[in-house]
Amino acid sequence: MNREDAEKISQKVVEILEQKRIANKVTKLKIAQDTGLSRTAVTLIVNKQNSPTLRTLLMMASSIGVDLKEIIAEAEKK
């Protein structure tokens, strides 16, 4: 996998997490509280202005109530 492909998958993961967040009615404030990030940091990630670490993605997925492995698998298919 090259850098460009990895970046596309990473962005798709963030997009899917945002879709799941909305579907599960989880606020950005709740994610911020659960992860220890600021609400601004969560917004920057969602708006693709900041690249999250794997740790951050895992914590965000947990806060939203989804399995990050499934999200990554879904992102790789698209």
- Item | Dipole magnitude of region 3-77, debye to nearest 20 (Cβ charges: Lys/Arg +1, Asp/Glu -1, about Cα centre) | 300 debye
- Message: Please rank 10, 63, fewest neighbouring Cβ atoms within 10 Å first, as an exposure proxy.
- Response: 10, 63
- Which ³J(HN,Hα) values, rounded to whole Hz and listed in residue order, are derived for region 7-12 from phi using the Karplus coefficients 6.51, -1.76 and 1.60 in 6.51 cos²θ - 1.76 cosθ + 1.60 with θ = phi - 60°, glycine and proline given as x? 5, 4, 5, 4, 5, 5
- For residue 30, list the lysines whose Cα falls under 23 Å from its own Cα; do not include residues on the same chain fewer than 8 positions away. 12, 20, 48, 69
- Task: Rounded to whole Å and sorted largest first, list the principal axis extents of the Cα atoms in the chain.
- Result: 34, 21, 18
- Message: Could you work out [θ]222 nm for the chain from helices alone, using -39500 (n - 2.57) per DSSP H run of at least four and dividing by all its residues? Round to the nearest 500 deg cm²/dmol.
- Response: -23000 deg cm²/dmol
- Message: I'd like the Karplus ³J(HN,Hα) series for region 47-57: coefficients 6.51, -1.76, 1.60, θ = phi - 60°, whole numbers in Hz, and an x wherever there's a Gly or Pro.
- Response: 8, 6, 9, 8, 8, x, 7, 4, 4, 5, 4
- Computed over the chain: relative contact order in percent, which uses C-alpha pairs under 8 Å that are six or more apart: 38 percent
- Note on the structure: Put in order of increasing Cβ neighbours within 10 Å, starting from the fewest, 22, 71 give 22, 71
- Task: Count charges around residue 61 for me, please; just the other residues with Cβ under 15 Å from its Cβ, Lys/Arg as +1, Asp/Glu as -1.
- Result: +1
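Bear in mind these aren't lab numbers, they're just calculated from the coordinates by the rules spelled out. The model shown is predicted, which means the values in this text are computed figures rather than measured ones. Virtual Cβ from ideal backbone geometry, glycine too; neighbours counted across all protein chains shown.
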